[in-house]
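Each remark here refers to the structure printed beneath this line.
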Amino acid sequence: MKQFAELIEVLATSTKTTAKLEAIQDYFAVADDTDKIWMIALFTGRRPKRSVNSALLRGWCMELANISPWLFEESYHTVGDLAETIALLLPENDQQHPSEKTLSEYLNILLQLGKKEDDVKKEFVTSAWANMNRNEIFVFNKLMTGGFRIGVSQKMMVNALAKTTGISPSVIAHRIIGNWDPATISFSELMSTEHTDADHSKPYPFYLAYAIENDVADLGDPGHWQAEWKWDGIRGQIIKRNDELFVWSRGEELMTEKFPEYNILQELLPNGIAIDGEIISLAEIPENDAFAPLPFSALQTRIGRKNITKKQLSEAPVGFIAYDLVELDGKDLRGMPMAERREKLATIIGQINQPFLHLSPVINFTDWEELKSIRMQARDKGSEGLMLKRKNSAYQVGRKRGDWWKWKIDPLTIDAVMIYAQKGHGRRSNLYTDYTFAVKDGDKLVSFAKAYSGLTDKEFAQVDSFVKRNSIEKFGPVRTVKPELVFELAFEGIAASNRHKSGVALRFPRISRWRKDKKADEINSLEDLKDMLRAYNNQYSAKPADDKK
Amino acid sequence: MALIEFTDKGLFCPAGGFYIDPWKPVDRAVITHAHSDHARWGSKHYLCHPDSKPILQLRLGDNDYQTLDWNESLNINGVNLSFHPAGHIIGSAQARLEYKDEVWVFTGDYKTEDDGVSQPFEPVPCNVFITESTFALPIYKWAAQESIFADMKTWIAENHAAGKASVFIAYSLGKAQRILKPLAETGIPIYAHGAVYNVHQAFVDNGWKLPEVRRVTAETTKEELKGCIVIAPSGAEGSPWIKRFSPYAVGICSGWMQVRGNQRRKNADAGFALSDHADWEGLLAAVNATGAQKVFATHGFQSAFSRYLNEQGIEAAEVKTAYGNDEEETVSEEQNQPAP
């Protein structure tokens, strides 16, 4: 545990990628195999199921530190991280570690702890706290409360493993993806080909695109490129092997159960196939090939739920727009030119012939100028822009420049005034960085969006200082602020919503700039927002998900 | 009538007719210490501790200064004023006001740990205690100075071994003097930024014995700077002045480094939670030692601190003041240049 806590300390404080990479390699060099496997699991989002809830942890901490709940909350909002708050509040331990457990030993106990009585949990956790230093307590708490968001990307993890094992990064990326259980697999099994072959659910690492950086014309001969619409759903892979169907999201979540629409593919697809595409809510249109995407908010009603009701199924039916074919007849097609993969994909989609399953349409264009004007229609199509793919490109691993580019349309924008502020988390702790914005509705202000990003550190510091000087009231961690600062918000889409006072929900709102040149009475109105809603969104939403009143 | 009133110009003593640490120009200003948020420009008359005077002269220029030493007292219109060590920086004082059997104390900024440089904090019994509350949450518990100094030395040794300079970001008045001794013990030459050097020299000229620091001049060679120690204020980060020490690592010395999010935000290579303010336990100990019947908490987590004190049976209220912006230091262009 000591080694792991030290690793976290280096990763959390180091500002340089090379130093982080070295720290992970050093850890691999000294840690035993069971700890390595857990470390890989934790850093790739395979956190053990929560066995001790945060209310219990808070309670024990308050008891040991002898502080009241409000003071705990006050501290938590300043620190911005529960695990760290507890580590800072607990009384200092004088004694050295009498019973040092390893990372995997702690995790194995935590795995068993979920079913136990609260006093058993308390005994284990508080005695663990009593034998650790502050940094170890922080890391131990993180094991119980949440993921390790400490600036280690999947890519960095893969590179460190590649350096340690001598296996190439793209092979490593494939081996650590998918369904494996850190409690039962060994490090050498995970790194072996046998494991990859044995796990027939395993998806391929997704090939992801960067946003295009220069003029499209710099891409050269348009004849070498394929253009498709970019859809705003969840990127996914549908896989059938050994007569079983698997649906994976790009976030490496197995989502097969969430989309019963796809169940029929278990019969219709051949074995040994992997199709890459977009999981997306589609309005039913009688004509065969046509489809109309619903806003992302419709798909949201389908994810994050255990049981899906009939109502949700009918209000937000889910389809699949197929982009690529990465495996066929059990063979890895990733090295094949995209144009050839696409031909095979078209044949299969045609044979299956299901109304929810579409081949991603290719946009015909002869020169870049023409494509530029076609791109302007994206929002009308319910798309967020274009994808450009080199026709002879391989299906690569991870985010790569060169062969695939995304070319999104400019976001929608609106000017709004900040009315509430709250302290941020992580590197924004003790700084007011989470804001709620309002537009005007007659004489009143109506809140419609929250945004956390888009300002520079310097601007955040200025706004923070404004909030501290101009707060009107305090509701728990939230301050109401004098409505004075005007910001331009950018967002990707807008949908009707009865969960928000304003009646609209924005997609990906963020601050695009601070309008220091504008006064609060010069902001946009609720009517402006509703105009946008009418103009951009509802043309296909025959049954908006939440327009029931 | 209250002995001290909270006005929009600062803390005002109506009976004595003077202000303490006013943030707007006034006729008579009593100054607890020379940090810029407590000692501001434009007043007609300044009263301070003798050790604060050279820094006020350096920062505010020539003015009408009067000094009052420890164990002295001054009668101003019937109000007895005296200074008592606050332990925050060299010369930092608590102001004690006595009038008709009532005693009020304003702490200015203070810390309860003896840092070996500043005159150590002395609790002063009083009826009403006006305390700072910069770090008034139980998450702020400082490690002993010796253990932080040991961490700093280990960090310097690692940097030195890797051929890197160790740049310490520290407030030029206070923290810079406090860390000098442990840094000097490494035997590695210490270079001071202009802002740090000016304060340093003002103390040396007034008889303070401090370890030697060097200035970078036009003649200083790259070879001399390799692996050295640097003390600079936060305003110097990212300046050309700092870049000359490349390769280097940056370590920030501040109580805010107690929380890792702050450290990440500052993008520092290391954070040392070394503060010149009292931590939670220090604040509580100070309040208890005064035996005050009423406490006012200012600049910091004043609402949490006053609420906590009320729960403990000590009558307390929060007061808004304009103090507490001393963490970010502005540095002039001139100070970012090498010395002539």
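Every number in this text was worked out from the coordinates using simple rules, so none of it is lab data. Please read all numbers here as calculations on a predicted model, not as lab measurements. As a convention, Cβ positions derive from the backbone with ideal geometry for all residues, glycine included, and neighbour counts pool all protein chains shown.
In what sequence, highest mean first, do A:418-428, A:335-345, B:70-80 appear when ranked by Cβ atoms within 10 angstrom?
Going from most to least packed, we get A:418-428, A:335-345, B:70-80.
R0 = 30 Å: FRET efficiency of residue B:146 with residue A:29, Cβ-based, nearest 0.05?
Result of the calculation: an efficiency of 0.35.
Net charge around residue A:113, counting only other residues with Cβ within less than 13 Å of its Cβ (Lys, Arg = +1; Asp, Glu = -1)?
Local charge sum for residue A:113: +1.
At 1.567 mPa s and 4 °C, plugging the Kirkwood radius over alpha-carbon pairs of the stretch A:346-405 into Stokes-Einstein gives what diffusion coefficient in µm²/s?
92 µm²/s
Return the Rg/Rh value of the stretch A:412-536, two decimal places, where both radii are evaluated on C-alpha atoms and Rh is the Kirkwood radius.
0.95
Taking N as the number of residues in the stretch B:23-115, what value does Rg over Cα atoms divided by 2.2 N^0.38 Å take?
Relative to the 2.2 N^0.38 Å estimate, the stretch B:23-115 comes out at 1.04.
Would you kindly calculate the translational diffusion coefficient of the stretch A:183-325, applying Stokes-Einstein with the Kirkwood radius from alpha carbon pairs, for 10 °C and a viscosity of 1.306 mPa s, and quote it in µm² s⁻¹ without decimals?
For the chosen part, D equals 91 µm²/s.
With no solvent and one equal point scatterer placed on each C-alpha of the stretch A:207-408, evaluate the Debye formula and give log10 I(q)/I(0) for q = 0.19 Å⁻¹, two decimals.
With no solvent term, the Cα-only Debye profile gives -1.51.
Please compute, for peptide B:252-258, the average count of beta-carbon atoms on other protein chains lying within 10 Å of each residue's beta-carbon.
Taking the mean over all residues of the peptide, I get 1.
I need the semi-axes of the equivalent ellipsoid of chain B: take the C-alpha gyration tensor, multiply each eigenvalue by 5, square-root it, list largest first in whole angstrom.
36, 23, 16
What number results when the radius of gyration of the protein assembly as shown, computed over Cα atoms, is divided by 2.2 N^0.38 Å?
1.10
What is the packing order of peptides B:109-120, B:37-48, A:508-519, taking the mean over residues of other C-beta atoms within 10 Å and listing the highest first?
In descending order of packing, they fall as B:109-120, B:37-48, A:508-519.
When the convex hull of the C-alpha atoms of the stretch B:145-274 is computed, what volume per residue in Å³ does it have?
102 Å³
Okay, helix-only estimate at 222 nm for the protein assembly as shown: each DSSP H run of n ≥ 4 adds -39500 (n - 2.57), divide by all residues, round to 500 deg cm²/dmol; what do you get?
Rounded to the nearest 500, it is -9000 deg cm²/dmol.
Can you sort A:453, A:471 by how many other beta carbons sit within 10 Å, fewest first?
In increasing order of surrounding Cβ atoms, one gets A:453, A:471.
Go ahead and run the numbers for FRET between residue A:242 and residue A:401, Cβ-Cβ distance against an R0 of 41 Å, rounding to 0.05.
After rounding to 0.05, the efficiency reads 0.65.
By per-residue mean of other Cβ atoms within 10 Å, what is the highest-first order of A:252-265, A:129-142?
Ranking the peptides A:252-265, A:129-142 by packing returns A:129-142, A:252-265.
What's the angle, to the nearest 10 degrees (0 to 90), between helix B:194-205's Cα axis and the longest principal axis of chain B?
Roughly 70 degrees between the two axes.
To check you understand DSSP bridge types, tell me what percent of the beta bridges within the protein assembly as shown (both residues inside) are antiparallel, rounded to 5.
65 percent
Given bins 10 angstrom wide, list per bin the percent of all Cα-Cα distances in the stretch A:2-145, short to long.
Computed distribution, short to long bins: 11, 39, 37, 12, 1.
So, counting K/R as plus one and D/E as minus one, what does the shell of residues with Cβ under 12 Å around residue B:73 add up to?
-2
In degrees from 0 to 90, rounded to the nearest 10, what is the angle of the helix B:302-311 Cα long axis to the longest principal axis of chain B?
Computed tilt is about 50 degrees.
Take peptide A:81-89, look around each residue's Cβ out to 10 angstrom, count Cβ atoms belonging to other protein chains, and average those counts.
Rounded to a whole number, the mean comes out at 3.
Using only atoms on other chains, find how many Cβ atoms lie within 10 Å of each Cβ of peptide B:305-312 and report the average.
Counting other chains' Cβ atoms within 10 Å and averaging over B:305-312 gives 2.
Would you calculate the separation in nanometres between label points at residue B:219 and residue A:366, each defined as 7 Å from the Cα along the Cα-to-beta-carbon direction?
7.6 nm
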